[in-house]
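Visitor: I have a structure here, written as structure tokens, and I will follow up with some questions on it.
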Amino acid sequence: MGGKDISFAEMREKLAGDLLLIFLALGLPIGLASTARTFGDGDTAWHVAVGQWIARHGQIPTTDPFSFTSLGKPWVAMEWPADLLFAGVFHLAGYAGLAAITAAAIMALNAIVLIYLRSRVGPIGLTLAIIGMDIVLSAFMLARPHVLVWPLLAAWTVLLAKSSETGRPPPLWSALLLTVWANLHGSFPMAAVIGGFLALDALIAVQWKALREWLIFAAVCLVAVCLQVNGLAGILQPFRVANLKTLHLIVEWLPTTTKNTPQFFGALLLVLGILLWRGVRIPIGRLLLLLTMLMLAFTQLRHQSWLAIVAAVLIPPLLGKRTEAKGNSLPVLAAAVPLLLVRALWPLTPPESVSNPRSLLAQIKGGSCLGIAHALQQKWVFDPKYGLMVSRRFHNTRPLTILDIPASMQADAVNLPDPETPVGARGVGEPPVGAGYGAVLNAIADAVGVEVFRRAPVTADIVLMSLENKKRMHEPLQAHV
């Protein structure tokens, strides 16, 4: 009887563990990747377009083939494998395929963290660690290459965390993770930060007796990073990007505040409170690593994701007790394959909407006002003899002021996809200028006739003189070169 009770208890525990695995490693990622948030960044279309270009030309671009202002200038395609993957799945399954790839990456991330923590913390700590990690990551769960790197980051951290316990470096083959990482995304320098601090813990644990082995492992890792298609330019590109003067214009490179990611601060305060309450002593290497990544996370939003994953791997084992892992996870994780196929085949169409409605409406109205000013009062006047600009001051070529702008302007997006772009995205920049310009000139032509003017701006004297003399009094302007 007692044996049956024990057997039943073990079976119940195994079932509970499998259900937890199904929820955290399979169901949760599918749900997170199937939201409209996954496609809330225009970079998804960019990566699809780059992948299509690579497939069409059979090479990785070394110069910019897309933009107008930088056409032909040197360009390092840091994420070319992800671009090819995105283009391929978009061709086969559209948005649903991109959602499936994103879900697969989150599944792999959660599974790696879960399998590592199963034998180190209890089910409650395990659940809190993964859900907390995903809450912080939710702000960055986009169909973009950085999501594909998350499982590599988790696997790399797990390998080094295990090595810090034994004092010996990971097997040399694990350096291949860095080769994939370096070709997939420009965040690969983060691997050196993680490796350096966790190697410090390992060396302290064995009193520096394994220093030679760790130096050999570091050398192999350096060679692995250098095995990338972009060569030296690819190795240096992350550092060049980090020093761009325009980074402050990109949201993900802005400093972290409670306004842009309140969930990060909530998770941070919760973790700090638990650590202080439990009086946890953190090994020096782990402590320096976590503090360094915390500093990076406060400096730039995008580093929150790296901190969340590393913290989910390193902190829970400091709080929990080792437990015996029950059962084999592979049969349960195998269910990911049919789930991902269903996700790829099940139609998914993100809502057709502008990515930033407030900025779109501001651009339409502001651009239209610029066009109205070109139609009515702003002009370039050159001296025909000396070729000097006469209208050099605002009183000669006056832009619209607050008194000239229409009191009521209505604008909206019609959400018609552009057939010339991979995912139908449209940009808005100069077109509103033509809209305001054309609307005013058409209104004047409708009121007084098309023969009254042949130049802009159409001022009152042009209209009155033409009407008084019953013929056009101003000829079209000649273009100057």
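The values are calculated or read from the model by the stated rules, or taken from the named source; none is laboratory data. Remember, predicted model here, so these are calculated numbers, not experimental data. All Cβ positions, even for glycine, are placed from backbone atoms using ideal geometry, and neighbour counts span all protein chains on display.
Visitor: Restricting attention to region 113-167, which residues are within 29 Å of E252 (Cα to Cα), assigned to a loop (DSSP other than H, G, I, E, B) and free of Cβ contacts under 8 Å to residues at least 60 places away in the same chain?
Guide: None - no residue of region 113-167 is within 29 Å of E252 (Cα to Cα), assigned to a loop (DSSP other than H, G, I, E, B) and free of Cβ contacts under 8 Å to residues at least 60 places away in the same chain, so the list stays empty.
Visitor: May I pose another question? Please work out if V225 is surrounded by 14 or more Cβ atoms within 10 Å (Cβ to Cβ) and β-branched (V, I, T).
Guide: Criteria met by V225.
Visitor: Another question about this same structure. Output the qualifying pairs, or none if there are none: Cβ atoms under 9 angstrom, residues six or more apart or on different chains, first residue in region 223-235 and under 15 Å from L172 (Cβ atoms), second residue of a type outside the set (S, T, N, Q) and outside any helix (DSSP H, G or I).
Guide: Close Cβ pairs (under 9 Å, with a partner that is of a type outside the set (S, T, N, Q) and outside any helix (DSSP H, G or I)) amount to V225/F188.
Visitor: Further, regarding this structure: When residues of region 41-51 are filtered for being crowded, with 17+ Cβ neighbours inside 10 Å and not in a helix (DSSP H, G or I), how many remain?
Guide: Within region 41-51, residues that are crowded, with 17+ Cβ neighbours inside 10 Å and not in a helix (DSSP H, G or I) number 1.
Visitor: So which residues in region 282-306 are of a type outside the set (S, T, N, Q) and touching a residue at least 40 places away in the same chain (Cβ under 8 Å), if there are any at all?
Guide: Selection gives P283, I284, G285, R286, L288, L289, M293, A297, F298, L301, R302, W306.
Visitor: Now a separate question. Say whether the condition of being modelled with pLDDT of 90 or more and in a helix (DSSP H, G or I) is met by at least one residue in region 58-72.
Guide: Checking region 58-72: not a single residue is modelled with pLDDT of 90 or more and in a helix (DSSP H, G or I).
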